[in-house]
Amino acid sequence: MRVSPLIPLAALAWSFCGAPTRAQQPTLTPNQQLAHDVYKELIETNSSTMTAGTTGAAQEMAKRFRDAGFPESDIFLGGVRPDKFNVVLRYHGKGGPNGPKPLLLLAHLDVVEALKADWSPDLDPFKFIEHDGYYYGRGTSDDKAMAAIFVANIARLKQEGYVPERDIVIALTADEEGGCCNGARWLVTNHRDLVDAAYVINEGGGGSLRNGKPFLNSVQATEKVFGNFTVTARNRGGHSSVPRPDNAIYQLAAGLVRFSAYSFPVEFNEVTHAYFERTAAVETAEVGAAMRALLKNPNDAAASAIVSRDPRYNSTLRTTCVATMLSGGHATNALPQTAQATINCRMLPNTNPADVRAAIVKAIADTGLTVSDAPAARPSAPSPLLPEVFGSIESVTKQLFGNIPVIPVMGTGATDSQPFRTVGIPAYGVSGLMGDPEDIRAHGRDERMLVKSFYDGQEFLYRLTKALTSSRTVP
């Protein structure tokens, strides 16, 4: 989901891969070996969201929890369909039912479809392969790394006899990638008691490498809202041998060209204000100065032009809408009676879709073109930048990666954090998984994760889990 030469789209990406390396991974510790084995099992279990489902993977993880010593009463398996199961585990803390709300560790089990024919000849999307310092396979970055890490880490905590100040809940869910029945939303709606939490740790952020070294760690604290509009031109048509100026395809095309020149205004929220404030310090002098100028005056057109040169920054500054699909006509020898375009919008949180529609209508500037009604949206307020959460993230980041900045970001895509934010549960996308922002392969060919990054991320999430469930952060 991101990418500037300096601030890789950690701000926009759900997950990261890595920079080439041939360094040999040292012998794995028992905890790392468990994470490796769980990771392999998940990658080699096809959980494609449209064709396979998640039940097999959910059942495997439930067995992992049982093998770690958790009783059946603390494990929930279920979903809206038999092939779309989620698995939820509760690790009890000191507080009991009347204690502080839990920490929820969230990851999704489903993956985007992948065909072996589309991958390199020596790779198979559903075989876990280690090669040249990477782990390859569908879901290695999105999102089975975090799922495997959570499962291995909770087993480690159990073995160590750790008793948290608050309960720890792990939810591994179905259909985040857009299948029939989003698992996280189903759990929030139908089993709120299982997943209610003080806050959620999820995908959506990540670390960035520059010249092979950690450069920054991003924390997704809000995300845009998805919505489509259809623009339609209608005409009486006729025979193509006697064309007229009033052509539905030309009319639609002209409106889209006018729309393409429109930019929504710059708007900041708590998260994006902090993002640009911290990013300005590590950008080039020109771009950093422009970011600071925009923070002072969002209407500064010159500053906006400089920052918006980078598509990732542009998407973070404003609502964006873009034509993504086009159709028209019904026969090669007939004047078109209908022409349609789909405009996909990624709206800033708490934006009214009706206002976005009004802006599209105004930009198209043709009353002969109709724009579909505003879609129903599920806007949610950004997660507050809570000191106990960000302080813990900053502390663990410094311990493991040195004095690099922790930057809150707004996701331009969608994650399962959204249904939690909608009901007022703060959610944060942070993983400690470091990678090269120029090598993002989630959803694509030869998806991969740096071996070193996987185990660094495991240790990061282990320490963060303990920090957020210790007496220092739990009142």
Can you tell me which of Val409, Val423 is surrounded by fewer than 20 Cβ atoms within 10 Å (Cβ to Cβ) and not small (Gly, Ala, Ser)?
Val423
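This table checks each residue for (1) surrounded by fewer than 17 Cβ atoms within 10 Å (Cβ to Cβ); (2) in contact (Cβ under 8 Å) with a residue 24 or more places away in the chain; (3) of a type in the set (Val, Ile, Thr).
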site	(1), (2), (3)
Thr55	no, yes, yes
Gly96	yes, no, no
Gly99	yes, yes, no
Leu103	no, yes, no
Trp119	no, yes, no
The condition from (1) surrounded by fewer than 17 Cβ atoms within 10 Å (Cβ to Cβ); (2) touching a strand residue (DSSP E or B) at 6+ places or on another chain (Cβ under 8 Å); (3) over 30 Å from Pro245 (Cβ atoms) that Asn352 misses is numbered (2)
Could you grab me the full set of residues in segment 307-347 that are farther than 26 Å from Arg244 by Cβ, of a type in the set (A, V, I, L, M) and touching a Leu at 6+ places or on another chain (Cβ under 9 Å)?
Val307, Leu317, Ile343
Condition met for Arg138 (in the same structural domain as Gly435 (by TED's automatic domain parsing), part of a loop (DSSP other than H, G, I, E, B), more than 24 Å from His36 (Cα to Cα) and touching a residue at least 12 places away in the same chain (Cβ under 8 Å))
no
Applying the selection to segment 188-239, what residues are of a type in the set (Phe, Trp, Tyr), under 20 Å from Tyr313 (Cα atoms) and at pLDDT 95 or above?
none
Here's a check for you: in segment 191-232, which residue that is of a type in the set (Ser, Thr, Tyr) and surrounded by fewer than 24 Cβ atoms within 10 Å (Cβ to Cβ) is farthest from Asn403 (Cα to Cα)?
Thr232
Going residue by residue through segment 169-183, is there one that turns out to be touching a residue at least 60 places away in the same chain (Cβ under 8 Å), crowded, with 21+ Cβ neighbours inside 10 Å and assigned to a helix (DSSP H, G or I)?
yes
Residues within segment 64-79 that are surrounded by 19 or more Cβ atoms within 10 Å (Cβ to Cβ) and assigned to a loop (DSSP other than H, G, I, E, B), tallied
2
Helices (runs of 4 or more DSSP H) completely within segment 220-327 that count 2 or more residues being touching a residue at least 60 places away in the same chain (Cβ under 8 Å)
248-260, 270-279, 311-317
Number of positions in segment 81-94 that are surrounded by fewer than 19 Cβ atoms within 10 Å (Cβ to Cβ), in contact with a helix residue (DSSP H, G or I) (Cβ under 8 Å, 6 or more places away or on another chain) and either aliphatic (A, V, I, L, M) or at pLDDT below 95 (or both):
0
Out of curiosity, is Val188 part of a loop (DSSP other than H, G, I, E, B), β-branched (Val, Ile, Thr) and under 29 Å from Gly99 (Cβ atoms)?
no
Would you mind stating whether Val474 is among the β-branched types (Val, Ile, Thr), assigned by TED's automatic domain parsing to the domain that holds Leu109 and surrounded by fewer than 23 Cβ atoms within 10 Å (Cβ to Cβ)?
no
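Okay, residues lined up against (1) assigned to a helix (DSSP H, G or I); (2) farther than 25 Å from Glu44 by Cα; (3) in contact (Cβ under 8 Å) with a residue 24 or more places away in the chain; (4) not assigned by TED's automatic domain parsing to the domain that holds Leu123:
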| residue | (1), (2), (3), (4) |
| --- | --- |
| Arg156 | yes, no, yes, no |
| Gly204 | no, no, yes, no |
| Gly207 | no, yes, yes, no |
| Asn217 | no, yes, yes, no |
Out of (1) over 24 Å from Lys63 (Cβ atoms); (2) out of contact with any Lys or Arg (no Cβ under 7 Å at 6 or more places or on another chain), what's the single condition that is false for Glu160?
(1)
Which strands (runs of 3 or more DSSP E) sit wholly inside segment 359-458 and have at least 2 residues that are under 20 Å from Val271 (Cβ atoms) and either aliphatic (A, V, I, L, M) or not assigned by TED's automatic domain parsing to the domain that holds Lys40 (or both)?
406-411
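Taking the conditions exactly as written (touching a residue at least 12 places away in the same chain (Cβ under 8 Å), in contact with a helix residue (DSSP H, G or I) (Cβ under 6 Å, 6 or more places away or on another chain) and small (Gly, Ala, Ser)), does Ala68 satisfy them or not?
Spelling it out, Ala68 is indeed touching a residue at least 12 places away in the same chain (Cβ under 8 Å), in contact with a helix residue (DSSP H, G or I) (Cβ under 6 Å, 6 or more places away or on another chain) and small (Gly, Ala, Ser).
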Only one of Met50, Met61 that is of a type in the set (A, V, I, L, M), assigned to a helix (DSSP H, G or I) and out of contact with any Pro (no Cβ under 7 Å at 6 or more places or on another chain)
Met61
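The values are calculated or read from the model by the stated rules, or taken from the named source; none is laboratory data. This is a predicted model, so every value here is computed, not measured. Neighbour counts run over all protein chains shown; Cβ positions are idealised from the backbone, glycine included.
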